[in-house]
Amino acid sequence: MGLLARTFEAAGLPAMTLSSALDITRSVRPPRAAFLNFPLGHTSGKPLDRTGQMALLRDALDVLVE
């Protein structure tokens, strides 16, 4: 996703990535990324945790707007 985010940014489209794999994120160096300390495969948090997932999405979009 980080490589795709860099492609979007080069085309003038802002991108924000969420990652549970800090080492991969550091090597790819996307333009904007948030490391989330969740297990791999659960980047948006616990399954069925609508409140937590919506808060995470709002926070990520706030970073993108800034």
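Coordinate-derived values only; no laboratory data. Bear in mind that the values here come from a model prediction, so they are computed numbers and not experimental data. Virtual Cβ from ideal backbone geometry, glycine too; neighbours counted across all protein chains shown.
Points to keep in mind about this one:
- In the range 24-35, the residues that are without any contact (Cβ under 8 Å) to a residue 24 or more places away in the chain reach residues that are part of a strand (DSSP E or B) and among the polar types (S, T, N, Q) with C-beta atoms within less than 9 angstrom, at least six apart or across chains, in these pairs: T25/T17; T25/S19; F35/S19.
- In the range 10-58, the residues that are surrounded by 12 or more Cβ atoms within 10 Å (Cβ to Cβ), out of contact with any Gly (no Cβ under 8 Å at 6 or more places or on another chain) and assigned to a helix (DSSP H, G or I): L22, R26, M54, A55, L57
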